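Colleague: Below are the structure tokens for one structure; questions will follow.
The values are calculated or read from the model by the stated rules, or taken from the named source; none is laboratory data. These figures come from a predicted structure and were not determined experimentally. No Cβ is skipped: glycine too gets one built from the backbone with ideal geometry, and neighbour counts run over all protein chains shown.
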Amino acid sequence: MTGGAVLLVAAWSAVHTVLAVDRAPHETAAAVATACAAPGRPLIGELFYDAIGDDTGLEFVELYNPTETPAALAGMRLEAGDGSGPGRWTSRWTGGATDTVPARGRFVIGGARVVPAPQAIVTLDLQNGPDAVRLVWPDGRSEVLGFGAHEFPEYVCGDPAPDVPSGSSLARMPDRSDLGSNALDFQAASPSPGRANRPDRDAALPSGSLVIAPEQPAPGTRPRLSGAIANRGASAWSAGELVLIGREREAETWRERFAIALDLAPSPGDTLPFAIDFDAGSVGKRLLEVRLALPGDQAPENDVDSLRYRVGRGPLMVTEIQFHPVAGEGEWVEVRNQSSTPLDPTAFRLADRGTGVGVPSDGAGEIEPDSLVVFAEDPAALRLRFSGLDARRIWLVRPWATLNNSNDTTGVADAVVVRESDGTLSERVAYSAAGVPAGVPLERRGEDWWPATAPEGTPLSPPRTFAAQAARFDVSPRRIGAGRFAVRLSWALPWERARVAVELYDLAGRRLQSIMADGLAPGRSERNWSADATPPGLYLLVLRARPEHGPEAMTATQPLRVEGAAR
Amino acid sequence: MTSARSAMVLRLACVMAALGPIAWRAAHAQEFAGPQPAWPPLSSASLLEHGLPHAAGGLDASAFTTRWYGLPELVTRTVALGAGWRALRLGLGVSQTGEPDLGWTALALGAGAAGRSGGAGVRVVARRDRVSDFRFDAPPGAAGVEVGAGVWLEAGEGVRLWASAPQLETVGAAPPLRRSLAVGGALELGELRAWLIRRAVPGVERGLRGEHVAGAAIMGAPLGAWLEVEDQPLRGGFGVVARLAAWSVSGSVSSHPVLGETFRAGIAAGGGR
């Protein structure tokens, strides 16, 4: 070959080479479109193409090297494909001589705002699906990741991965997955540049799973903390390896409350419940931080959760509940400041057992220690019903969570829940509506709740006290009629609480009706009864009582005369 | 059954049929029920209480007290007088029950006719509520009157049947206790007696629901005693009577499972046995 011929061949060869390089991606793409990963080469580990809001500087492509040897990226090209037409690949980045993915390591190519900073910073300017990215190695091998519904096969391997919502990345799950299809290898995930998509070991506390019962434990008791443990790693751990650590904030320091090795070993992908008992400690408001400690845990960010709770009584105590008003005054709840310092009512929230939370407003001043205020559905209507109430101590709560009037299958009608504005419980009162006459509020007497001694209730006042009573059972008046049929039944039993029933008999000893069904009642109490449906005659009211526990029992009888003409 | 006995039974049935339709709306109190067995009528108190005249004639007087269910505020004090001339029977009684804010005063009149084979009578009781001891000082309208009747027959040798509608009609204030038609039968064998009574429950249409009393007595001289059991609710009682010449002293107690015991005690002169 002459020198000229050599030059010509060389020139042609050079042109051909150039043309081949220019054409190669397209031709290679058509040839290896179904190849999801180049054997022995780093993989596309994660792709983040659609950040919430402005994408600029946040997009990234993570490469993962599953092998035991570092992988050089020199000459490897990262290309973006526009799925709207065939052959629309454009190069975004080409590996330099020093770019290397460590053995079992990661290499991130991404924008300047990616945290932690990528190994290669580049504006990728990726489009939302249907689109694709591709790795093209110097030897012509390539890997394609397509997402969204594609028309042209060059943009996908097998079936395309889903077009994920903004804020999510497409992550290879697990990190070594190579099942021959983008759809099988990739799924939506939280972006994790530079970190494993599914760590080998990862114990997690699912957010919001922690529950303490009782919600307001008494001092010195052992409440139960329950929650869930998720294995979000690729491998299991051994029972006893995982330690649950609880600590509480005290002043400026954290104090450990417990550290308990859990016998839980969920399989990868599984979640199991746990429950532990711990000492509640002394009275006070608490922020409990719960942390998981698992040796080798590769995702510590999901190991911590916290919850607020209170030991002992809160500063605001519920004292009276009107859940079924009949005089148009609206529902209301009376509370008392049982702390030693004034309280701001607006720093509290009122709710039922649902999800609504009412905020107090339109009152004035603070709640002095041992003082009462009323949280009302309709303060104006309440003042109309009870003239003379101090308007400053009646707080409108909005939205008002309507309280139920009848019991559910558990025997509870509803609950009144008072919390501080940070969510810490002050008091929760679950009440039963059974046996409470319509319109009569429930009031707190000691540690128990009973129908109010004043049938209309006593907002902003303590419960009405009973007059001294000589007999165990009394009926007043003993003669009724002429349109006056209201009878007050009162009892003073030798027990604090008792099961009480009242029955009506005639003079011949016939049992005519039950006036008060057998139920729990305070040892000293009253009940109003209307005898308007009772025919004229002489009757005997019999109170039968027995203590809540124990074999004793007593019966007391009182006569009642109902006047009227013979029917 | 002889034709005469059949005729008597038929007559009793006719009387009961006549009383029945109106008896279920009747009402009555028991202030003239003394410490006596339910059968037979022994004094004019039976005429005043049930409209059943006693067979023995002559004069009789009785005084007794009842403490209802052991309640001190519910005590009845009663005096009854009676006279019989040939078949005619007359009775007069007065009674006071309960403390002033509960009680009432009753005045009763009875008239009837009776012999060995039967008797019939009517009763009228006037009551007035009171608000203080020993005075008829109830407000206007607090008085009421009731009228009742009773009949008994000898249905056979030692067999007695009777019916009592103690409240056939009422006027004014209602009586303290509603009572309905009661029918009974008794078997007498010398000094031994046994009886069974069915009482309609007030307020139940057509008397379809009944209460029952069964009793037995040995009424000798100078002592007699009796037992009774009653249903709805199940309860029982007993009584004793001691006689000396024309005088008798008697007492009874009946026990209610819930309300307790009702005590009666009395003294009487004359009357039957």
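Colleague: Condition first: over 16 Å from residue A:65 (Cβ atoms) and among the small types (Gly, Ala, Ser). Now tell me which residues in region A:172-185 satisfy that.
Modeller: If the condition is that a residue be over 16 Å from residue A:65 (Cβ atoms) and among the small types (Gly, Ala, Ser), then A:180, A:181, A:183 are the ones that fit.
Colleague: Restricting attention to region B:165-174, and to residues there that are more than 7 Å from chain A (Cβ to nearest Cβ) and out of contact with any Leu (no Cβ under 6 Å at 6 or more places or on another chain), which single residue is nearest to residue B:39 (Cα to Cα)?
Modeller: Going residue by residue through region B:165-174, those that are more than 7 Å from chain A (Cβ to nearest Cβ) are B:165-169, B:171.
From the residues that got through so far, the ones that are out of contact with any Leu (no Cβ under 6 Å at 6 or more places or on another chain) too are B:166-169, B:171.
Values: B:166: 16, B:167: 19, B:168: 21, B:169: 25, B:171: 29 Å.
Here the residue is B:166.
Colleague: Right, next: With the requirement that a residue be crowded, with 20+ Cβ neighbours inside 10 Å, of a type in the set (Asp, Glu) and within 17 Å of residue A:166 (Cβ to Cβ), what does region A:52-72 give you?
Modeller: A:55, A:59 - these are the residues of region A:52-72 that are crowded, with 20+ Cβ neighbours inside 10 Å, of a type in the set (Asp, Glu) and within 17 Å of residue A:166 (Cβ to Cβ).
Colleague: So, one more: Just checking: which of the strands (runs of 3 or more DSSP E) contained wholly in region A:422-481 hold 2 or more residues that are closer than 30 Å to residue A:564 by Cβ?
Modeller: Per the criteria, A:473-476.
Colleague: Taking region B:103-113, which residues are over 23 Å from residue B:266 (Cα atoms) and surrounded by fewer than 24 Cβ atoms within 10 Å (Cβ to Cβ)?
Modeller: Scanning region B:103-113 gives a single hit, B:113.
Colleague: Hey, another quick one. Here's a check for you: in region B:132-164, which residue that is within 14 Å of chain A (Cβ to nearest Cβ) and part of a loop (DSSP other than H, G, I, E, B) is modelled with the highest pLDDT? Lay out the reasoning, then the answer.
Modeller: Going residue by residue through region B:132-164, those that are within 14 Å of chain A (Cβ to nearest Cβ) are B:132, B:137-148.
With the extra rule that they be part of a loop (DSSP other than H, G, I, E, B), the set shrinks to B:132, B:137-142.
On the way: B:132: 60, B:137: 56, B:138: 56, B:139: 62, B:140: 59, B:141: 57, B:142: 74.
Checking each candidate, the answer is B:142.
Colleague: Which pairs do you get when a residue that is within 19 Å of residue A:142 (Cβ to Cβ), found in region A:170-195, comes within reach of a residue that is assigned to a helix (DSSP H, G or I) and not hydrophobic (A, V, I, L, M, F, W, C), reach meaning Cβ atoms under 7 angstrom, with the pair 6+ apart or on two chains?
Modeller: Short answer, once both residue conditions are applied: A:172/A:185; A:177/A:185; A:178/A:185; A:179/A:185.
Colleague: Among the residues of region A:492-506, how many are of a type in the set (Asp, Glu) and either more than 11 Å from chain B (Cβ to nearest Cβ) or under 15 Å from residue A:527 (Cβ atoms) (or both)?
Modeller: Step one: of region A:492-506, the residues of a type in the set (Asp, Glu) are A:496, A:503, A:506.
In the following step, the residues that additionally are either more than 11 Å from chain B (Cβ to nearest Cβ) or under 15 Å from residue A:527 (Cβ atoms) (or both) were identified as A:496, A:503.
Qualifying residue count, region A:492-506: 2.
Colleague: Taking residue A:209, is it in contact with a strand residue (DSSP E or B) (Cβ under 9 Å, 6 or more places away or on another chain), within 24 Å of residue A:117 (Cβ to Cβ) and in contact (Cβ under 8 Å) with a residue 12 or more places away in the chain?
Modeller: no
Colleague: What number of residues in region A:73-131 are of a type outside the set (A, V, I, L, M, F, W, C) and in a loop (DSSP other than H, G, I, E, B)?
Modeller: Final tally of qualifying residues: 25.
Colleague: Taking the conditions exactly as written (acidic (Asp, Glu), surrounded by fewer than 18 Cβ atoms within 10 Å (Cβ to Cβ) and touching a residue at least 40 places away in the same chain (Cβ under 8 Å)), does residue A:279 satisfy them or not?
Modeller: When the stated conditions are applied, residue A:279 passes them.
Colleague: Would you please list the contacts, defined by Cβ atoms under 9 Å and residues six or more apart or on different chains, that run from a residue in region A:133-152 that is within 15 Å of residue A:183 (Cβ to Cβ) to a residue that is among the acidic types (Asp, Glu) and not in a loop (DSSP other than H, G, I, E, B)?
Modeller: From region A:133-152, the pairs are A:144/A:154; A:145/A:185; A:146/A:131; A:146/A:154; A:147/A:131; A:148/A:131; A:150/A:131.
Colleague: Restricting to region B:49-82, what's the tally of residues that are of a type outside the set (S, T, N, Q) and within 20 Å of residue B:247 (Cα to Cα)?
Modeller: The number of residues fulfilling the criteria is 16.
Colleague: Something else about it: Considering only residues that are among the aromatic types (Phe, Trp, Tyr) and modelled with pLDDT under 95, which ones fall in region A:299-327?
Modeller: Matches in region A:299-327: A:309 only.
Colleague: Another question, then. Determine whether region A:245-258 contains at least one residue that is in contact (Cβ under 8 Å) with a residue 40 or more places away in the chain, farther than 18 Å from residue A:199 by Cβ and among the hydrophobic types (A, V, I, L, M, F, W, C). Please lay out each step first, then the result.
Modeller: So in region A:245-258, the residues in contact (Cβ under 8 Å) with a residue 40 or more places away in the chain come out as A:245-249.
With farther than 18 Å from residue A:199 by Cβ added as a condition, the list becomes A:245-249.
With among the hydrophobic types (A, V, I, L, M, F, W, C) added as a condition, the list becomes A:245.
Yes, region A:245-258 contains at least one residue that is in contact (Cβ under 8 Å) with a residue 40 or more places away in the chain, farther than 18 Å from residue A:199 by Cβ and among the hydrophobic types (A, V, I, L, M, F, W, C).
Colleague: Same structure, new question: How many residues does region A:540-562 hold that are closer than 13 Å to residue B:177 by Cα and either more than 9 Å from every other protein chain (Cβ to nearest Cβ) or basic (Lys, Arg) (or both)?
Modeller: Of the residues in that region, 1 qualify.
Colleague: All but one of (1) surrounded by 22 or more Cβ atoms within 10 Å (Cβ to Cβ); (2) touching a helix residue (DSSP H, G or I) at 6+ places or on another chain (Cβ under 7 Å); (3) more than 14 Å from every other protein chain (Cβ to nearest Cβ) hold for residue B:183, so report the exception by its number.
Modeller: Failing condition for residue B:183: (1).
Colleague: Test of understanding: among A:520, A:489, which residue is surrounded by fewer than 19 Cβ atoms within 10 Å (Cβ to Cβ), in a strand (DSSP E or B) and away from chain B (no Cβ under 14 Å)?
Modeller: Among A:520, A:489, only A:520 is surrounded by fewer than 19 Cβ atoms within 10 Å (Cβ to Cβ), in a strand (DSSP E or B) and away from chain B (no Cβ under 14 Å).
Colleague: Consider residue A:114 carefully, then state whether it is under 37 Å from the mean Cα position of the chain (by Cα) and surrounded by 19 or more Cβ atoms within 10 Å (Cβ to Cβ).
Modeller: Answer is yes for this residue.
Colleague: Select, from A:269, A:296, A:330, the only residue that is assigned to a loop (DSSP other than H, G, I, E, B), at pLDDT 95 or above and among the small types (Gly, Ala, Ser).
Modeller: Selected residue: A:330, the only one of A:269, A:296, A:330 that is assigned to a loop (DSSP other than H, G, I, E, B), at pLDDT 95 or above and among the small types (Gly, Ala, Ser).
Colleague: Would you mind finding the one in A:304, A:311 that is closer than 21 Å to residue A:424 by Cα, surrounded by fewer than 18 Cβ atoms within 10 Å (Cβ to Cβ) and either in contact (Cβ under 8 Å) with a residue 60 or more places away in the chain or touching a helix residue (DSSP H, G or I) at 6+ places or on another chain (Cβ under 7 Å) (or both)?
Modeller: Testing whether each residue is closer than 21 Å to residue A:424 by Cα, surrounded by fewer than 18 Cβ atoms within 10 Å (Cβ to Cβ) and either in contact (Cβ under 8 Å) with a residue 60 or more places away in the chain or touching a helix residue (DSSP H, G or I) at 6+ places or on another chain (Cβ under 7 Å) (or both) leaves just A:304.
Colleague: When you go through A:565, A:468, A:482 one by one, which is the residue that is within 14 Å of another protein chain (Cβ to nearest Cβ) and without any contact (Cβ under 8 Å) to a residue 40 or more places away in the chain?
Modeller: The conditions single out A:565.
Colleague: Inside region A:261-280, can you point out the residues that are under 21 Å from residue A:219 (Cα atoms) and among the β-branched types (Val, Ile, Thr)?
Modeller: Listed by number, the list holds a single entry, A:276.
Colleague: Just one of the numbered conditions (1) in contact with an Asp or Glu (Cβ under 7 Å, 6 or more places away or on another chain); (2) within 12 Å of chain B (Cβ to nearest Cβ); (3) modelled with pLDDT of 95 or more is not true of residue A:536; which one?
Modeller: Every condition holds for residue A:536 apart from (3).
Colleague: I need every pair where a residue in region B:19-41 that is within 14 Å of chain A (Cβ to nearest Cβ) has its Cβ under 7 Å from the Cβ of a residue that is at pLDDT below 80 and surrounded by fewer than 21 Cβ atoms within 10 Å (Cβ to Cβ), sequence separation at least 6 or different chains.
Modeller: B:24/B:206; B:24/B:207
Colleague: Report whether or not residue A:396 is free of Cβ contacts under 8 Å to residues at least 60 places away in the same chain and under 20 Å from residue A:454 (Cα atoms).
Modeller: The answer is no for residue A:396.
Colleague: Just name the residue that is surrounded by the fewest Cβ atoms within 10 Å (Cβ to Cβ) out of those in region A:507-517 that are within 12 Å of chain B (Cβ to nearest Cβ) and part of a strand (DSSP E or B).
Modeller: Filtering region A:507-517 for residues that are within 12 Å of chain B (Cβ to nearest Cβ) and part of a strand (DSSP E or B), the one surrounded by the fewest Cβ atoms within 10 Å (Cβ to Cβ) comes out as A:513.
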